[in-house]
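Accompanying notes for the structure given below.
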Amino acid sequence: MRVFSAIQPSGALHVGNYLGAIKQWVDRQSSESLYCVADLHALTLQVEPADLRRNVDDLLIGLLAAGLDPEVCTLFVQSQVSYHAQLGWLLECVATHGELTRMTQFKEKAGRHQGYRVGLLTYPVLMAADILLYQTDEVPVGDDQRQHLELARTIAERFNNRFGSVFTVPVGTRPPTAARVMDLQEPTRKMSKSIDSPLGTLYVLDSPDAIARKVKKAVTDTDGDVRFDWETKPGLANLLELFAGFSDERPEEIAARYSRYGDLKRDLADLIIARLSPIAERYRALQGDPHVIDDVVRDGARKANLIAQDTYARASAAMGLRLSSPATLTA
Ligand code: AMP
Ligand code: TRP
């Protein structure tokens with residue numbers, strides 16, 4: 001069972017990233033799983049080169065601290081495997097303009113950024129290339145990636161029907177709870193790396209004090225009844241989902257144990273601090289040794305390239321391109 005997923009180096013990791021994606025990656029890592037720092041994707045929103053460079057290293061350290069073990073899985077940086085961009089082009093000639101302009105995330109982000117670049121529109125095709133290069137069976141992601149994943153499946157199926165069976169058609173998997181963690185201050189909007197919400201975003205590296213303060217100040221409601229109900233009590237439902245994500249229980253079970261918001265918030269803050277502080281500790285230890293990531297990414301790029309090279313050769317030949325062997329290229 002081949003598992004692939006990726007994350008953009010676009011800012012500090014928050015608990016939505018952790019519960020929605022990274023925790024599943026860690027729990028399910030094996031020799032058949034590949035995890036990727038999607039630096040090419042991060043270029044879609046005009047980032048300062050020095051910031052991007054730092055974000056990539058910080059994210060790699062964060063993923064190791066969260067428990068990814070490069071002795072077990074493959075951890076690599078997207079731009080170090082040139083086949084992502086190459087297959088992305090081939091698939092741009094398979095996907096339609098209409099499919100891309102329909103993407104919810106594109107419409108949202110394009111609305112927020114004047115003069116957005118074309119990459120913002122074509123990004124789901126690059127994401128499809130990421131996934132399809134590795135003949136992926138399963139893609140563990142948060143809820144916000146569902147539409148992009150559906151498009152990757154459509155592109156794979158269209159390619160296979162037109163050019164012959166080259167790609168495995170992947171399925172997306174979501175965690176049972178906390179697949180869409182909402183902003184603590186605005187529980188109708190998802191927690192996001194790219195929106196500035198100092199009290200609404202819980203970062204994986206937040207201090208215990210900051211975690212306790214943000215959970216205490218999280219917006220709830222005034223009826224005082226502890227029930228799990230997204231429709232009428234989104235703030236509380238979000239806290240219960242967070243609780244469930246960190247404790248592997250069901251949100252309804254947790255709600256049944258409490259009669260006061262204050263008690264629930266106090267226990268939730270303690271639980272989050274207990275789960276995140278070992279990650280923060282490992283992060284600080286790894287930060288002291290920059291060479292750890294050099295070895296990891298070199299090894300990861302080598303392993304990822306071997307698989308990607310084979311799929312790319314098959315896809316390009318199927319489309320009618322002339323194959324050049326690596327020997328011809330370097331001669
Ligand atoms: P991104 O930060 O957009 O690169 O997302 C990396 C991973 O985290 C993807 O699998 C997302 O689906 C997941 N993710 C991002 N934000 C959230 C959120 N608020 N709740 C749950 N999962 C999320
Ligand atoms: N687009 C994803 C996000 O913003 C990150 C990503 C890039 C990804 N390529 C991927 C996720 C391939 C899963 C599979 O969260």
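Among the residues making up the range 151-173, those that are in contact (Cβ under 8 Å) with a residue 12 or more places away in the chain, in a helix (DSSP H, G or I) and out of contact with any Phe, Trp or Tyr (no Cβ under 8 Å at 6 or more places or on another chain) are LEU151, ALA152, ARG153, THR154, ILE155, GLU157, ARG158, ARG162, PHE163. Give the residue that is surrounded by the most Cβ atoms within 10 Å (Cβ to Cβ), with candidates limited to residues of the range 97-128 that are aromatic (Phe, Trp, Tyr) and within 16 Å of ligand 1 (Cβ to nearest atom). Here the answer is TYR123.
Considering only residues that are within 14 Å of ligand 1 (Cβ to nearest atom) and more than 14 Å from ASP130 (Cβ to Cβ), look in the range 44-59 and name the one that is surrounded by the most Cβ atoms within 10 Å (Cβ to Cβ). Ranking the candidates gives LEU59 first. Residues in the range 238-256 that are more than 9 Å from THR177 (Cβ to Cβ) and of a type in the set (D, E, K, R): GLU252, GLU253.
For the criterion of being in a helix (DSSP H, G or I) and within 28 Å of TRP89 (Cα to Cα), ARG302 passes. The set of residues in the range 66-115 that are modelled with pLDDT under 95 and closer than 20 Å to ASN55 by Cβ comprises GLN105, LYS109, ARG112, HIS113. Of all residues in the range 135-149, one or more are within 13 Å of ligand 1 (Cβ to nearest atom), free of Cβ contacts under 8 Å to residues at least 60 places away in the same chain, in a helix (DSSP H, G or I) and crowded, with 21+ Cβ neighbours inside 10 Å. Is it the case, given these coordinates, that GLY164 is among the small types (Gly, Ala, Ser) and either over 26 Å from LYS233 (Cα atoms) or not assigned by TED's automatic domain parsing to the domain that holds SER79 (or both)? Answer is yes for this residue. Scanning the range 150-172 for residues that are under 21 Å from LYS23 (Cα atoms) and surrounded by 17 or more Cβ atoms within 10 Å (Cβ to Cβ) yields a count of 2. No other residue among LEU121, LEU133 is of a type outside the set (Phe, Trp, Tyr), away from ligand 2 (no atom under 11 Å from the Cβ) and under 21 Å from ALA85 (Cβ atoms) apart from LEU121. Close Cβ contacts (under 9 Å, 6 or more residues apart or on different chains) running from residues in the range 267-288 that are over 20 Å from LEU64 (Cβ atoms) to residues that are of a type in the set (A, V, I, L, M) and not in a helix (DSSP H, G or I) comprise LEU268/ALA218; ILE272/LEU202.
Looking only at residues of the range 272-293 that are not charged (D, E, K, R) and not in a helix (DSSP H, G or I), we find that the one that is modelled with the highest pLDDT is GLY288.
The values are calculated or read from the model by the stated rules, or taken from the named source; none is laboratory data. Since we're looking at a predicted model, the values are computed, not measured. Positions of Cβ are backbone-derived with ideal geometry, glycine not excepted, and every protein chain shown enters the neighbour counts.
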